[in-house]
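A.B. asks: Take this structure first; my questions come after.
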2 protein chains.
Amino acid sequence: MNSQSPQLLVVGSVAIDWIITPRAERKESVGGSATFFAMAASYLAQVRLVGVVGGDFPPAAVADLRAAGVDTSGLEVVEDGKTFRWKGQYHDNMNDRTTLETHLNCFEHFAPKLPPAYRESDYLFLANIQPRLQERVFEQMKPPRLVGLDTMNLWISIANDDLRSVLKHVDVLTLNDEEARQLSGEHNLVKAARAVQKLGPKNLVIKRGESGALLFDHDGSIFSAPALPLEEVVDPTGAGDSFAGGFMGYLARPGVEPNGASLRTAMIYGSVMASFCVEGFSYDRLVGLDAATIQRRFEAFSALTNFERASLV
Amino acid sequence: MNSQSPQLLVVGSVAIDWIITPRAERKESVGGSATFFAMAASYLAQVRLVGVVGGDFPPAAVADLRAAGVDTSGLEVVEDGKTFRWKGQYHDNMNDRTTLETHLNCFEHFAPKLPPAYRESDYLFLANIQPRLQERVFEQMKPPRLVGLDTMNLWISIANDDLRSVLKHVDVLTLNDEEARQLSGEHNLVKAARAVQKLGPKNLVIKRGESGALLFDHDGSIFSAPALPLEEVVDPTGAGDSFAGGFMGYLARPGVEPNGASLRTAMIYGSVMASFCVEGFSYDRLVGLDAATIQRRFEAFSALTNFERASLV
């Protein structure tokens, strides 16, 4: 893409994970919300990344991001620090997981600093980090055309006011179903979504793992995107961030205007990238894709959901 | 419908439930798999019902079925017996439930006897009863054009051989996700579906509650039907049977040939009828619908799933 293309900035974690699944295990698995987001979005848009890693972060992973066209000049390297590390175990159903260890390391003192060129990015995605740090990103930027934000149960619990403050700037919020319930205090997902929309985000995406994702639109309509039924899920880590990358990446394509129709198409590109993500450890499956392969999977989602209209009247 | 219309026979339970939800309770709630199926299918096809009730079964419920156009001449009434009774409690999420009491009563000795006219029914749905009794229904019939069957975890556990025997005659099997896993021994749903299809049913519908339903087709394709996100679920009892009623009812309409395309459309009519069912206790919401109301909801499913194609290539 050329320099005239819209720029999509992601701010989030870059991590080294230790993943245990019922069938396999991978230590030193490169992860982090910004990593998955950037790899997924890189096929659709011009991506810039802000994050922090330690001296232990593998240069090959930075090279992978660059090879994918991601601008990593905003990736801070703390040479004498260690990268954020997360160890988790997936259970039989590959949906539930247990966090075994979390070491924030240099991520603990992460204060996102945007390179000057990043301050005029057209699209912004604030991946899951402390709401206060998300707010600080805004303060450094010219208002983007569209802002997406992800968060987690921890911040809903311990930084609720900060989260509510940052949500006022957000156009599209992504949550999983439990987070939507927690944030709204409503068990019913439709009621939960309506309550969350009142906090600021006109559009809400509720991610439901192998049940797909729901878009609650600014105009009150609901869109249901299925998950692709896969014969083998290798590692679900990063699926939600890859979804967000495909979703925001589509919206940031030249010529795409964010509206009810494009948000729906974006939901499918999000689902497409999530479906690739879970087929491998880390971002293995997100490397070396091409437009034709991604498009074939987009068509698979069409085939999965398409039905002929009939009428009783 | 006139007598030239295809005939859809359902054999299953007719029950009196005692339903407890987090918000309300109803004793003497008319239920049973055949009841929900018949009420839902009655808007789409010519339905005949075989079941058994005791002298305590409310005549008003039989009148409701007849008013819906259901032929109840196959409903056996054991005047000195009691109707099958089930008491269940739904938990906060309205998906999980606990069975508090089951009294088979006259259902314990149910032996389906088909009135002579029923033996040439074009379409047959064997709702959830003992596999041996399902087999006996076949023995009384001229082979129907299409056979659907539902079962439950209990029969997979204690009557597995009988179930496998009856499955050889089945064109469309409906199961929930846990039953599909139990029957196949596979956790992954795609693998589970492929294994179940090898047992006989060329087409498999996996019901997933508020996550919708998946159709694994005879030609290897997969169709995902969403559940309609509802602001209020009053009572989920009978949702799966109402789904089956809408599904089979559509297939049994004059001029509809069972094939890959019509099975998909049938999945949506099934989802439509399930969405009505859960909006009220018992079959309250399935009474007094009309074609236009049903069709509007069908269109709501179109709106829920429709997206514009885009291309990266």
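The numbers here are math on the coordinates, done by the rules we state, and not lab data. Here the structure is a predicted model, which is why all the values come from computation and not from measurement. Note that each Cβ is placed from the backbone with ideal geometry, even for glycine, and that neighbours are counted across all protein chains shown.
A.B. asks: Would you mind ranking A:V313, B:V205, B:V256 by Cβ crowding within 10 Å, fewest neighbours first? Walk me through the intermediate numbers first.
C.D. replies: On the way: A:V313 10, B:V205 29, B:V256 18.
Listed from fewest to most nearby Cβ atoms, that is A:V313, B:V256, B:V205.
A.B. asks: Averaged over all directions, how much area does the convex hull of the C-alpha atoms of the stretch B:244-313 cover when projected, in nm²? Please report the intermediate quantities before stating the final value.
C.D. replies: Details: hull surface 25.4 nm².
Projected area, direction-averaged: 6.3 nm².
A.B. asks: Shifting gears a bit: At what distance in nm do the modelled label points of B:R296 and A:H91 sit from each other, each positioned 7 Å from its Cα along Cα→Cβ?
C.D. replies: 4.2
A.B. asks: Moving to a separate point now. Would you mind getting me the FRET efficiency between A:E25 and B:H109? Use the beta-carbon distance for r and R0 = 60 Å, nearest 0.05. Intermediate values should be presented prior to the final figure.
C.D. replies: Details: r = 55 Å, r/R0 = 0.91.
So the FRET efficiency works out to roughly 0.65.
A.B. asks: If eta is 1.567 mPa s and T is 4 °C, what Stokes-Einstein diffusion coefficient results for the stretch B:58-124, Kirkwood Rh from Cα pairs, in µm²/s? Mind dumping the intermediate values first?
C.D. replies: Details: Rh = 14.9 Å.
For the chosen part, D equals 87 µm²/s.
A.B. asks: Let me ask you something else. Just to be sure I understand: if I project the alpha-carbon convex hull of the stretch B:89-140 onto a plane and average over all orientations, what area do I get in nm²?
C.D. replies: Numbers: hull surface 21.6 nm².
For the stretch B:89-140, averaging the hull's shadow over all directions gives 5.4 nm².
A.B. asks: Let me ask something else. Quick one: which of B:K168/B:K207; A:K191/B:K191; B:K87/B:K202; A:K113/A:K191; A:K191/B:K207 span more than 28 angstrom between C-alpha atoms?
C.D. replies: Values: B:K168/B:K207 21 Å; A:K191/B:K191 35 Å; B:K87/B:K202 34 Å; A:K113/A:K191 37 Å; A:K191/B:K207 24 Å.
Over 28 Å apart, Cα to Cα: A:K191/B:K191; B:K87/B:K202; A:K113/A:K191.
A.B. asks: Separate question: Beyond 21 Å, what share of the Cα-Cα pairs of the stretch A:1-131 is found? Please give it as a whole percent. Please report the intermediate quantities before stating the final value.
C.D. replies: On the way: 3547 of 8515 pairs.
Result: 42 percent of Cα pairs exceed 21 Å.
A.B. asks: Starting from 0.36 nm per residue, how many nanometres of slack lie between B:D80 and B:E135 once their C-alpha separation is accounted for?
C.D. replies: Details: separation 55, 0.36 × 55 = 19.80 nm, distance 2.75 nm.
17.1 nm is the gain from fully extending B:D80 to B:E135.
A.B. asks: Right, next: At q = 0.14, 0.18, 0.31 Å⁻¹, what log₁₀ I(q)/I(0) does the stretch A:152-194 have when each alpha carbon counts as one equal point scatterer in the Debye sum?
C.D. replies: Computed log10 I(q)/I(0) values: -0.29, -0.49, -1.21.
A.B. asks: Calculate the FRET efficiency for A:N259 and A:A67 from the Cβ-Cβ distance with a Förster distance of 30 Å, rounded to the nearest 0.05. Mind showing how you got there, number by number?
C.D. replies: Values: r = 33 Å, r/R0 = 1.10.
Between A:N259 and A:A67 the formula returns 0.35.
A.B. asks: Right, something else. Direction-averaged shadow area of the convex hull around the Cα atoms of the stretch A:122-212, nm²?
C.D. replies: Numbers: hull surface 22.4 nm².
The Cα convex hull of the stretch A:122-212, projected and averaged over all directions, gives 5.6 nm².
A.B. asks: On to the next question. How about the stretch A:223-313: which GluC sites (Glu not before Pro) there are in a DSSP loop, with at most 14 other Cβ atoms within 10 Å of their Cβ?
C.D. replies: Working: sites: A:E231, A:E232, A:E279, A:E299, A:E308; in loops: A:E231, A:E232, A:E279, A:E308.
Qualifying residues, ordered by number: A:E231, A:E232, A:E308.
A.B. asks: Run a plain Debye calculation on the protein assembly as shown (Cα atoms as equal point scatterers, no solvent) and give log10 I(q)/I(0) at q = 0.09, 0.11 Å⁻¹, rounded to two decimals, same order as the q list.
C.D. replies: Evaluating at q = 0.09, 0.11 Å⁻¹ gives log10 I(q)/I(0) of -0.74, -1.02.
A.B. asks: Along its principal axes, what span do the Cα atoms of the stretch A:50-96 show, with the longest given first and each in whole Å?
C.D. replies: Taking max minus min along each principal axis of the Cα atoms, the stretch A:50-96 gives 39, 27, 17 Å.
A.B. asks: For chain A, what does -39500 (n - 2.57) per DSSP helix run (n ≥ 4), summed and divided by total residues, give at 222 nm, in deg cm²/dmol to the nearest 500?
C.D. replies: -10000 deg cm²/dmol
A.B. asks: Let me see the pair-distance distribution of the stretch A:182-228: every alpha carbon pair, 10 Å bin width, integer percents in order.
C.D. replies: Bin by bin from 0 Å, the calculated values are 28, 56, 16, 0.
A.B. asks: Another one. With +1 on each Lys and Arg Cβ and -1 on each Asp and Glu Cβ, how big is the dipole of the protein assembly as shown about its Cα centre, in debye rounded to the nearest 20?
C.D. replies: Values: 60 positive and 76 negative charges, 159 e Å.
Dipole of the protein assembly as shown, to the nearest 20 debye: 760 debye.
A.B. asks: Quick one: net charge of A:F281's neighbours, Cβ under 15 Å, K/R +1, D/E -1?
C.D. replies: On the way: positive: A:R23, A:R26, A:K27, A:K87, A:R97, A:R285; negative: A:D17, A:E25, A:E28, A:D64, A:E232, A:D235, A:D241, A:E279, A:D284.
Charge balance in the 15 Å sphere: -3.
A.B. asks: Which of B:I268, B:Y43, B:I16 sits farthest toward the positive end of the charge dipole of chain B, with +1 on the Cβ of Lys and Arg and -1 on the Cβ of Asp and Glu?
C.D. replies: Among B:I268, B:Y43, B:I16, the one farthest towards the positive end of the dipole of chain B is B:I268.
A.B. asks: Measure of size requested: the Rg and Dmax of the stretch B:163-313, with Cα atoms as the atom set and Å as the unit; please supply both.
C.D. replies: For the stretch B:163-313, the Cα-based Rg and Dmax read 15.9, 51 Å.
A.B. asks: Then there's this: Normalised radius of gyration for the stretch B:57-177, please: alpha carbon Rg relative to 2.2 N^0.38 Å, two decimal places.
C.D. replies: On the way: Rg = 16.1 Å, N = 121, 2.2 N^0.38 = 13.6 Å.
The reported ratio for this selection is 1.18.
A.B. asks: In cubic angstrom, how much convex hull volume per residue do the alpha carbon atoms of chain B span?
C.D. replies: Numbers: hull volume 44.1 nm³, N = 313.
Each residue corresponds to 141 Å³ of Cα convex hull volume.
A.B. asks: In chain A, what % of DSSP beta bridges are antiparallel (nearest 5)? Mind dumping the intermediate values first?
C.D. replies: Values: 19 of 52 bridges.
Antiparallel bridges make up about 35 percent of those DSSP assigns within chain A.
A.B. asks: At 0.36 nm per residue, minus the direct Cα-Cα distance, what do B:E279 and B:T102 gain on full extension? Give it in nm, one decimal, please. Working shown, then result.
C.D. replies: Numbers: separation 177, 0.36 × 177 = 63.72 nm, distance 2.41 nm.
Gain on stretching B:E279 to B:T102: 61.3 nm.
A.B. asks: Add +1 for every Lys or Arg and -1 for every Asp or Glu among the other residues with Cβ under 11 Å from the Cβ of A:D177, and state the total. Write out the running numbers ahead of the final one.
C.D. replies: Details: positive: A:R181, A:K207, A:R208; negative: A:E178, A:E179, B:E210.
Net local charge, A:D177 excluded: 0.
A.B. asks: Let me ask something additional. Could you work out the percent of alpha carbon pairs in the stretch B:1-60 separated by over 18 Å, rounded to a whole number?
C.D. replies: On the way: 802 of 1770 pairs.
Percentage above 18 Å: 45.
A.B. asks: A further question on this structure: Nearest 5 percent is fine: what portion of the DSSP beta bridges confined to the stretch A:1-123 is antiparallel? If you can, show how the numbers build up before the last one.
C.D. replies: Working: 11 of 29 bridges.
Roughly 40 percent of the DSSP beta bridges within the stretch A:1-123 come out antiparallel.
A.B. asks: On to the next question. How big is the stretch A:208-294 in terms of Cα radius of gyration and Dmax, in angstroms?
C.D. replies: 13.0, 38
A.B. asks: Lys and Arg at +1, Asp and Glu at -1: add these up for the other residues within a Cβ distance under 13 Å of B:A61 and post the number.
C.D. replies: Numbers: positive: B:R66; negative: B:D17, B:E28, B:D56, B:D64, B:D284.
With Lys, Arg at +1 and Asp, Glu at -1, the net is -4.
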